[in-house]
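Structure record follows, encoded as structure tokens.
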Amino acid sequence: AKAEGRNNFQYYTPDLDLVSKRRLELGNSLHRALNLGEFEVYYQPQLSVSDNVVVGFEALIRWNHPEKGLIAPDEFIPLLEEIGLIAPVGRWIAHSCFMQLREWIDAKLVSEDAVMSVNVSPRQFRDSQFLQSVKNSMVSARLSGKNVTIEITETALLQDNLEVKATLEAFHEANIGIALDDFGTGYASLSHLKKYPISVIKIDRSFIKDLPYDEEDIAITDSVLALAEAFKLKVVAEGVDSDEILECLKERDCHTYQGYLFSKPLAAKDIPDKIKQ
Ligand code: C2E
Ligand code: CA
Ligand code: CA
Ligand code: CA
């Protein structure tokens with residue numbers, strides 16, 4: 001770098017140092033976050049479209065940073081994956097949200113059949129202990145397979161290998177639900193439905209947000225529902241933030257929804273009031 005004029009030397013090299021220094025700092029603070037308990041699971045209720053009963057929750061992680069406040073997952077999940085910390089954090093998330101669901105079931109806030117949905121990133125599939133740790137946490141929380149769903153994106157399935165398939169089959173054998181997240185935004189979705197033991201399709205928010213006005217989105221929603229019926233899958237609509245959208249889904253017999261209309265993701269302590277209101 002230093003042969004090519006002083007601009008390159010002066011700016012390029014120091015910038016690189018700065019970038020890797022920042023990474024290192026952020027990496028260190030993520031380790032610290034895990035050890036000091038700065039991660040917190042938030043919960044977004046999922047409701048049945050037909051009678052508006054809370055049937056489960058999606059667990060969504062947050063980082064309570066001591067100086068920066070609450071940080072959204074998009075800002076640190078990729079980094080957790082990169083530095084190899086997603087596996088221990090993922091196991092911690094699953095354990096925490098299962099124990100939480102048990103507490104809410106025991107408090108009769110939700111039924112015995114309530115479902116906790118956990119996001120699982122592609123990297124976690126390579127964590128050989130993941131399935132076993134999920135099973136152990138389910139035992140600790142006295143939950144059965146019907147109480148648990150893992151949410152995966154098509155990116156996880158694109159690494160089309162036998163390992164992914166075997167892992168999904170093992171979850172399926174444990175009666176754990178498998179939801180295909182952000183459905184329709186990736187590609188080859190249909191072959192995924194055929195190849196893997198998917199039990200739930202989550203229609204991406206981008207197709208939901210303009211209902212009932214966007215005719216193409218209506219067509220997409222109708223096709224997903226028809227597909228789901230043929231494959232005997234449940235459909236969850238995400239990002240439902242108005243009565244009109246919910247009404248539109250009701251007319252179409254969509255099963256489950258989540259979104260700001262009922263509730264944003266909330267800290268566990270705020271869930272009981274939200275449900276009893
Ligand atoms: P996702 O799985 O698609 O989660 C849905 C996102 O939509 C959440 O953002 C949620 O807060 C947001 N959302 C829900 N309802 C509405 C609505 O009505 N309107 C709008 N505008 N947004 C809504 P969040 O919590 O920031 O999570 C972002 C992404 O980060 C998630 O997308 C997921 O891919 C990832 N993520 C979150 N928690 C975890 C985790 O525990 N593990 C892993 N591996 N990934 C996670
Ligand atoms: Ca999700
Ligand atoms: Ca999603
Ligand atoms: Ca997403």
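Computed from the coordinates by the stated procedures, all read-outs in this text should not be read as laboratory data. Please read all numbers here as calculations on a predicted model, not as lab measurements. Backbone-built Cβ (ideal geometry, glycine too); neighbour counts: all protein chains shown.
Of note:
- Residues whose placed amide H lies under 5 Å from that of residue 177, excluding near-sequence neighbours: 148, 149, 150
- Semi-axes of the equivalent ellipsoid for region 207-246, computed as √(5λ) from the eigenvalues of its C-alpha gyration tensor and ordered from largest down, come to 19, 12, 6 Å.
- Candidates 128, 48, 20: whichever shows maximal mean-square fluctuation once the chain is modelled as a Gaussian network with Cα springs under 10 Å: 20
- For region 91-165, projected area of the alpha-carbon convex hull averaged over all directions, nm²: 4.9 nm²
- Listed values for region 195-208 are Karplus-derived 3J(HN,Hα) couplings in whole Hz (6.51 cos²θ - 1.76 cosθ + 1.60, θ = phi - 60°), namely 8, 10, x, 6, 10, 9, 10, 9, 6, 4, 4, 5, 8, 9, and x replaces Gly and Pro.
- For region 51-193, the Kirkwood hydrodynamic radius from C-alpha pairs, put into Stokes-Einstein at 20 °C and a viscosity of 1.002 mPa s, yields a diffusion coefficient of 133 µm² per second.
- Counted over region 47-175, the DSSP beta bridges are approximately 35% antiparallel.
- Beta bridges per DSSP with both ends in the chain, % antiparallel, nearest 5: 45 percent
- Based on C-alpha pairs under 8 angstrom that are at least 6 apart in sequence, region 175-277 has a relative contact order of 23 percent.
- In terms of Cα atoms, the Rg and Dmax of region 214-277 work out to 13.8, 40 Å.
- As a length-normalised measure over Cα pairs under 8 Å and 6 or more apart, the relative contact order of the chain settles at 18 percent.
- Among 216, 38, 67, the residue with the largest mean-square fluctuation in a Gaussian network model of the chain, with springs joining Cα atoms closer than 10 Å, is 67.
- Dipole magnitude of the chain about its Cα centre (Cβ charges: Lys, Arg +1; Asp, Glu -1), debye to nearest 20: 1180 debye
- Over region 161-261 - Rg/Rh using Cα atoms and the Kirkwood inverse-distance radius: 1.00
- Couplings 3J(HN,Hα) of region 247-263, computed from phi: 4, 4, 5, 5, 4, 9, 6, 5, 7, 9, 9, 8, x, 4, 3, 8, 6 Hz, in residue order, whole Hz [Karplus 6.51 cos²θ - 1.76 cosθ + 1.60, θ = phi - 60°; x for Gly and Pro].
- For region 169-175, 3J(HN,Hα) per residue [Karplus equation, 6.51 cos²θ - 1.76 cosθ + 1.60, θ = phi - 60°, Hz, x = Gly/Pro]: 4, 5, 4, 4, 5, 7, 6
- Under a 5 Å amide H cut-off, with hydrogens placed 1.01 Å from N, residue 85 pairs with nothing among residues at least 5 apart or on other chains.
- Expected 222 nm ellipticity per residue - DSSP helices of 4 or more, -39500 (n - 2.57), all of the chain, to 500: -13500 deg cm²/dmol
- GNM flexibility winner over the chain from 224, 235, 115 (Cα, springs under 10 Å): 224
- The mean sequence distance of close C-alpha pairs (under 8 Å, at least 6 residues apart), as a share of the length of region 114-254, puts its relative contact order at 19 percent.
- Pairwise centroid distance, computed over Cα atoms, of region 243-268 with region 120-162, Å: 25 Å
- Angstrom value of the Kirkwood radius, inverse mean 1/r, which spans all Cα pairs in the chain: 20.2 Å
- Under 5 Å, built H, 5+ apart or other chain: amide partners of residue 61: 42
- Alpha carbon convex hull of region 56-98, projected area averaged over orientations, nm²: 3.5 nm²
- Using Cβ point charges alone (K and R +1, D and E -1), the dipole size of region 156-212 about the Cα centre works out to roughly 160 debye.
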